[in-house]
Structure formats: C-alpha cells, structure tokens
Amino acid sequence: MKKALLILLLLAALPFAAPSHAQDRVTLGWGRLFTNDALGDQHDRWHTGSYSVSKLTGLRWSGSAPSEPGEILEYRFTADTLAPANLIAPAADDRRYAGALSLGAATHFKPSGFDAMLGAGLTAIGPMTGLGQFQSRVHDLLGMDVPTTVLEDQIPNQILPYGTAEMARMVSLTRGLTLRPFVSAQLGPEDLVRFGADVIMGRMGQSDLLLRDTGTGHLYRGIAGDVAPQLSLIIGADYASVFHSVYLPEGGPAPLTPHRTRLRAGYLWQGENAFVFSGLTYLSPEFDTQPEGQVVGSFTVSFSF
C-alpha cells in the first residue's frame, strides 16, 4: 500500500514539474519501437510482442538535456503481450497469458553530467485491455494458431501504478566509441533493480536524447540532434534482480526466477530524409520452468520531408 501511494504521489507531481510558462512548450521529438519474436527466433512465445510510442516536449533542444528536471517531458504509451510457448495447449508449468497497456510520464535531465530519467504511470492488465482479442484476430487473418485456451486463464484484470528511474553516463573511450553504463529501478507490476552498459560505435547519442525500451533495454532516439547521414552500431548487456512480478505470481505454475540477463545488438542508419533502427535481444529465462531463453527483434523507421 505504501509503495502504491508513493508511486501515485510521484505520478501526480510530474505534470507540475514543468516550467510555469508551459504554453511555450513544443513537441521536440517522437520515439517509437516495435518488438516481436517473429523478428527474432520466430517461436511466438513468452515476450511475443510489444509496441511503444513516446512524445517528447519541452521549450527547446540544444543537444543536451537541462540540468534540472521538468523541462523535458516524455509521455509514453506501451502495449505488451506475454504468452506461453503453446497458445492452443500450454504446458501446465508454463507462464500464463497477459496483456498489458501502460501510460506514463517521465522527465529527462542531466545533473552533474549524468543522464537521468524519473517517471511514473499506470499499467492496465488483463482481458479488459483487449490485447488477447487483438492477437486472436491477427493470428486468424494470418492463418496462425489462435489463442483460445490461454485467454481463459490469463492474468486477471487490474490497474497498477508504476514508478521508474535511471541514471547513466556517457564515457568517451576513443573518437567514435562511447561507453554508457547505467543503473535503473522500477516498482509496479514488476519490482526490480538493474545495472548494465551499452557501447555505441558512431555518433548516436552525442546530441540526441536517448530512450530505453522497457522490455529489451535497447537505446533508441527520442529527440534527434545530429541528423547528418551516419551509421551507428550499439551493443549492450544488463543484469537484473527481480523481487516481484504480477505476471509470474507466487504460488503460480511458473515460479519467478530472481535474476535476469539481457544481451542486445542493433544499428541506427541515418539517411537524408529517414532513419532506421533495428536490433536483436537475447532474454534469459524469467521463470524456473522456462526451458531456455529467447531472441526477439526490434524495429523502427522514421521519414522526414
């Protein structure tokens, strides 16, 4: 109860963290990322699909976030689908189906040279999200297995607050090679702390505002600074200690594994009027009876005219 109250207070405070002359705020950028295991190991299981879209607003973008919170705000919407390995006849010890929709706000700032993010929001879980029905219609159109049995035993309806925070730092190793270690924490549907690092080969992030995908950990653009033609490569890894998960409830058929590892690699290609980001992520098992990890693919493309 105390945790939920703290997160709700943070959520309520975020809109008021913006400068008083809020009427001068403009849209500074959009961040989007589509993730699906059809782009990875193609098994249609576990972390089967997600989509995130963010709107970034502020007074201006000068190539670096301000030192104080509140000036740069991100409003993010995420849809996430979790499923057992078999949608028709799931194993008794596999995870239950879950559809989740999240809506939240975050502020990005740069205290003492660090890249910081602080955010909060609400996550709706269960049949009320309509994600199970949406996946059924898509699978039916494509002639794939239609989830039926798994929808009857999915994680039930609930709305939960969440809070998230991250601190990172850009460390220049050589010209065109940057190390970005980070530490993060989240409370809500899942409670965990995570630390890791990303290595960027190229100019990505030098004057951009980078966002981190919740599921894969991929870094992708929220605000584009340098739009000159370029190619950047990004590799990363992180480790998490997980204390609680609504998606893997205590006493359920799939006991929560308290540790998670993610390994990822991707690239950003910037052309004259478009950019493309694509990447792959290995996700280690998240519950004790999960026989192996999985690989998912992520993708986004943007055009400007």
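The values are calculated or read from the model by the stated rules, or taken from the named source; none is laboratory data. Keep in mind that what you see is a predicted model, and the values were worked out from it rather than measured. Don't worry about glycine lacking a Cβ; one is built from the backbone with ideal geometry, like all the others, and counts go over all protein chains shown.
In region 116-171, which residues are exposed (fewer than 15 other Cβ atoms within 10 Å of the Cβ) and among the small types (Gly, Ala, Ser)? Listed by number, the residues that qualify are GLY130, GLY143. Only strands (runs of 3 or more DSSP E) whose full extent lies in region 77-186 are considered here, and the ones with at least 2 residues that are of a type in the set (A, V, I, L, M, F, W, C) and within 20 Å of SER50 (Cβ to Cβ) are 98-109, 115-125, 158-168.
For ALA228, the conditions (1) among the small types (Gly, Ala, Ser); (2) out of contact with any strand residue (DSSP E or B) (no Cβ under 6 Å at 6 or more places or on another chain); (3) touching a residue at least 60 places away in the same chain (Cβ under 8 Å) all hold with the exception of (3).
Would you point out which residue out of LEU283, LEU268, LEU263 is buried (at least 16 other Cβ atoms within 10 Å of the Cβ) and within 21 Å of ALA224 (Cβ to Cβ)?
So the residue among LEU283, LEU268, LEU263 that is buried (at least 16 other Cβ atoms within 10 Å of the Cβ) and within 21 Å of ALA224 (Cβ to Cβ) is LEU268.
Rundown of residues vs (1) farther than 30 Å from PRO291 by Cβ; (2) touching a helix residue (DSSP H, G or I) at 6+ places or on another chain (Cβ under 6 Å), yes/no style:
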site: SER52; (1), (2): no, no
site: LEU56; (1), (2): yes, no
site: TYR75; (1), (2): yes, no
site: TYR97; (1), (2): no, yes
site: SER102; (1), (2): no, no
site: ALA105; (1), (2): yes, yes
site: ALA120; (1), (2): yes, yes
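Of all residues in region 266-305, those being aromatic (Phe, Trp, Tyr), under 30 Å from ALA92 (Cβ atoms) and in contact (Cβ under 8 Å) with a residue 60 or more places away in the chain number 1. In region 62-103, of all residues being farther than 21 Å from ILE125 by Cβ, at pLDDT 95 or above and of a type in the set (A, V, I, L, M, F, W, C), the one that is surrounded by the most Cβ atoms within 10 Å (Cβ to Cβ) corresponds to ILE72. Residues that are more than 24 Å from ALA240 (Cβ to Cβ) and either outside any strand (DSSP E or B) or in contact (Cβ under 8 Å) with a residue 40 or more places away in the chain (or both) within region 189-203 comprise GLY202, ARG203, listed in sequence order. The condition (being at pLDDT below 95, under 16 Å from the mean Cα position of the chain (by Cα) and part of a strand (DSSP E or B)) is satisfied by just one residue among ARG264, ARG221: ARG221. State all residues of region 164-219 that are in contact with a Ser or Thr (Cβ under 8 Å, 6 or more places away or on another chain) and among the small types (Gly, Ala, Ser); if no residue qualifies, say none. Within region 164-219, ALA165, SER172, SER184, ALA185, GLY188, GLY202, GLY205, SER207, GLY215, GLY217 meet the criteria.
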